[in-house]
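Where a number appears in this text, it was derived from the coordinates with a stated rule and is not lab data. This one's a predicted model, so the numbers in the text were calculated from it and none came from an experiment. Cβ coordinates were reconstructed from backbone atoms using ideal geometry, including for glycine residues, and neighbour counts include every protein chain displayed.
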Amino acid sequence: MSTITGVSMPSGSGFRRAAALVAAGVTLALALAGCSPEGTVEIETPTQVEGAFPAETQAQLEAAVSFAMAATGSTGAVVSVSSPWSGSWVAGVGEAEVDDAFRVAQLTRPMVCDLLYQMVDQGIVALDDEVRDYVTSVAGIEGVTLQMLCDGTSGLGRYEQALQGTALQLPTRRWNGNELAAYGITGFDPARAGVGYSDSDTGYVLLGLALENAANRSVSSLLKDDVFRPLGLNSTSLPGSVAAAPGDPALTGLLSQPGADGALACAEPTDVTVRSASFFFTDSGVVSTIADVVRYTQALATGALAPEGTDRFATPHTLGGDQPSWLTAAGGALQAGSLVGQYGSVPGYITAAFSDPATGMTVAVTLNNSAASDTVGAYLAWELASIASKAPAASGQTVPDAGLPWTAQQYHDAIAAAAVCPLPA
């Protein structure tokens, strides 16, 4: 995950299947209103009004997504924005359909932390258990606990930076989690454990391995039984190691790479849709659809799966450096002002999703070209959230006090500054 930088604190066309998307928006609105399949966990959010946003709000949302697509060289995007008091918008934009599956990237992290807390509640593990108690194949990580892995305070490094080039060249290779972790623990200093937040894909891979070993079951099946099924996420899974697209139908995943002249080939991106999810594993390997992502993000924000008496967001950690003071991390998730969610990227997809537990406002988006920084996903989600937070109330509704510590223009400008492909004139 890249650093959020360069942003200070504040003092129509191309949209497919319009009629079908209106129907999809109504269906999603019902889900956001709290309707859930029998036997699934109830998510307590304000009732979503039916219908689309007012025309002016809708135009602003569409323009923001189109701009971000141009900045990243994306040919498609799947997006959902909902303000319970005003309206909703669910769309496949460009070369995308609303039911396309995609890789959710680092939104996998809070899902694995959900599993951790479920297993703690079941008495299988404890938050202060050391990782080496369950993953004996790695050495030199004394003092690192399961909770540190979940919170991102383990002090461990990143394996992606060392291996991404090989992973791109070998999309069908089946990676072993222990091998990935070995690259991320090189140079680890035990004195750093628990000191502060530092982004670590290695930590979440180790957490997945630890939970597998503790339960003597695959983490894929554990997630299915303890997270996905209870929330009714029927289109969400952690795939195995066999190379495949993220689903059927799938949003085509692209990656613009430098051409012979050294310039990024924005007009001729490489198709990276089919690959093994084993390289991403429990850091960023989950696949899903926009409807499931919205439901999951609202469940995350409201603590729908949290065992009684637990609050994994009670002691958030600042991200440090030049990160905004309103952006903190805890429990595998990020808290951006009043929003809870996560963002990130894997080859082919930049994904972000955030929800406000009080107002129910939710934004989720995936762009299908990962050449740009993954922060563009966060920037777009926060731009959309700012627009949606100001949407006028529908008849009989009241606009809640949902002030955010940024403006839509700030993050529009941030996307422009992070652009890797030509922007519209």
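Across region 102-114, in residue order, what do the Karplus-derived ³J(HN,Hα) couplings come to in whole Hz, using 6.51 cos²θ - 1.76 cosθ + 1.60 with θ = phi - 60° and x for Gly and Pro? Here the 3J(HN,Hα) series is 8, 8, 7, 6, 6, 5, 4, 4, x, 5, 5, 5, 4 Hz. With contributions of -39500 (n - 2.57) from each DSSP H run of at least four residues, the per-residue ellipticity at 222 nm computed over the chain stands at -9500 deg cm²/dmol. With the crude spin-label approximation of a point 7 Å out along Cα→Cβ, what separation in nm comes out for A59 versus A162? Between A59 and A162, the label points sit 5.3 nm apart. Highest mean packing comes first when the peptides 141-153, 104-116 are listed by Cβ atoms within 10 Å, giving 104-116, 141-153. Packing-based ranking of 195-201, 231-237 yields 231-237, 195-201, ordered from highest to lowest mean Cβ neighbour count within 10 Å.
Compute the FRET efficiency between S241 and Q397 as 1/(1 + (r/R0)^6), taking r as their Cβ-Cβ distance and R0 = 51 Å, and round to the nearest 0.05. Please report the intermediate quantities before stating the final value.
Details: r = 48 Å, r/R0 = 0.94.
Computed FRET efficiency for S241 and Q397: 0.60.
Close amide H pairs (under 5 Å, H built 1.01 Å from N) link A52 with S88, residues at least 5 positions away or on another chain.
Let's test the formula: R0 of 56 Å, r as the Cβ-Cβ distance of V195 and A425. What FRET efficiency results, to the nearest 0.05?
Values: r = 48 Å, r/R0 = 0.86.
That gives a FRET efficiency of 0.70.
Amide H contacts of Q342 (H built 1.01 Å from N, in plane; Pro and chain starts excluded): L334, A353 sit under 5 Å, all sequence-distant by 5 or more or on other chains. Neighbours of P307 by Cβ distance under 14 Å: Lys/Arg scored +1, Asp/Glu scored -1, total -4. In plain terms, the residue of M361, M69, M1, M119 with the fewest other Cβ atoms within 10 Å comes first and the most crowded comes last, giving M119, M69, M1, M361. In order along region 264-273, phi translates into HN-Hα couplings of 5, 7, 5, 7, 9, x, 8, 7, 10, 4 Hz, rounded to whole numbers, per the Karplus curve 6.51 cos²θ - 1.76 cosθ + 1.60 with θ = phi - 60° and x for Gly and Pro.
Taking amide H atoms as placed 1.01 Å from N in the peptide plane, the amide H of A250 lies under 5 Å from those of A101, each 5 or more residues away in sequence or on another chain.
Using 0.36 nm times the number of residues separating V41 and D248, minus their current alpha carbon distance, what extension gain do you get? Spell out each step's value before the answer.
Details: separation 207, 0.36 × 207 = 74.52 nm, distance 2.61 nm.
Gain on stretching V41 to D248: 71.9 nm.
About its Cα centre, the dipole of region 18-417 is roughly 360 debye, where the only charges are +1 on Lys and Arg Cβ and -1 on Asp and Glu Cβ. Sorted from longest to shortest, the spans of the Cα atoms of region 18-417 along the three principal axes equal 60, 58, 40 Å. Placing unit charges on each Cβ (+1 for Lys and Arg, -1 for Asp and Glu) gives the chain a dipole about its Cα centre, and among L115, C266, A55 the Cα reaching farthest toward its positive end belongs to C266.
Taking a point 7 Å out from the Cα of T186 in the direction of its Cβ, the residues of region 136-158 whose backbone N falls within less than 11 Å of it are 158. For region 158-168, 3J(HN,Hα) computed residue by residue from phi via the Karplus equation (6.51, -1.76, 1.60; θ = phi - 60°) reads 10, 8, 4, 4, 7, 10, 4, x, 5, 5, 5 Hz, glycine and proline entered as x. Considering the zone a paramagnetic label at D311 would reach in this model (a point 7 Å from Cα along the Cα-to-Cβ line), which residues of region 384-419 have amide N under 18 Å from it? Flagged as within label range: none.
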